[in-house]
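The values are calculated or read from the model by the stated rules, or taken from the named source; none is laboratory data. Please read these numbers as outputs of a predicted model, since none were measured by experiment. Neighbour counts are summed over all protein chains in view; Cβ atoms, including those assigned to glycine, are modelled from backbone coordinates with ideal geometry. Heads up: the accessible areas ignore ligands, DNA and RNA and are worked out on the full protein's heavy atoms, side chains in. Shrake-Rupley method; radii C 1.70, N 1.55, O 1.52, S 1.80 Å.
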Amino acid sequence: MIAFAPFVMSKMVEFSSNPEAGPEAEYNNISMRKDVENRDDVSLIVADFYAEMLLDPIIGYIFTDVAKIDLESHLPIITDFWADVLFKQKKYRNNTLQKHLDLHQKIPLTPGHFTRWLYLFNRAVDANFAGTRADTMKQRAELVAEAISAAIAQRKKGEMTLSLEKYLKA
């Protein structure tokens with residue numbers, strides 16, 4: 001079981017002035033949400049995303065049981081990635097693709113995993129933000145998911161290519 005740092009669990013659902021409307025009313029009211037303005041906003045998105053994603057029955061175990069991420073060190077790195085996407089801060093120094101290719105060697109990552117990741121990520125963005133930068137984050141997330149998924153598929157295809165040359169030399 002992962003123990004969440006207090007800042008990860010900071011997300012509180014606020015109800016609108018009409019209690020009968022429920023939390024969906026706040027979520028669906030785009031005009032009440034601001035755009036992503038700074039690194040703190042990015043950090044909130046990342047923390048909210050991981051708080052939900054790590055408990056997700058479809059992909060949570062990949063991060064908790066397979067990758068065994070350390071949230072305290074992982075969240076600032078992921079925040080760096082997204083802050084670079086939005087604000088060109090140039091702090092992120094990792095190879096995202098290689099990290100996922102390495103993870104794929106431990107457990108097969110499928111397009112369904114990436115679809116679920118994207119769904120949860122978009123929910124985290126949309127929960128508090130709307131605007132150009134929020135849209136940029138969601139668009140880039142889709143590109144990242146597609147690129148990693150395609151690279152995995154290409155690697156699988158390469159592994160499945162038959163070559164008679166090595167057998168003919170024997």
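Side notes on the structure shown:
- Residue 79 falls short on exactly one of the conditions (1) open to solvent by less than 60 Å² (accessible area, probe 1.4 Å); (2) hydroxyl-bearing (Ser, Thr, Tyr); (3) more than 12 Å from the chain's Cα centre (by Cα), and that condition is (3).
- Residue selected from the stretch 24-51 under the condition over 18 Å from the mean Cα position of the chain (by Cα) and among the aliphatic types (A, V, I, L, M), by the criterion modelled with the highest pLDDT: 32
- All told, residue 58 meets the bar of being aliphatic (A, V, I, L, M), touching a residue at least 40 places away in the same chain (Cβ under 8 Å) and either outside any helix (DSSP H, G or I) or surrounded by fewer than 19 Cβ atoms within 10 Å (Cβ to Cβ) (or both).
- Once the stretch 92-137 is narrowed to residues that are in contact (Cβ under 8 Å) with a residue 60 or more places away in the chain and basic (Lys, Arg), the residue that is surrounded by the most Cβ atoms within 10 Å (Cβ to Cβ) is 133.
- Enumeration of residues in the stretch 28-55 that are open to solvent by 30 Å² or more (accessible area, probe 1.4 Å) and not aliphatic (A, V, I, L, M): 28, 29, 31, 33, 34, 35, 37, 38, 39, 40, 43, 52
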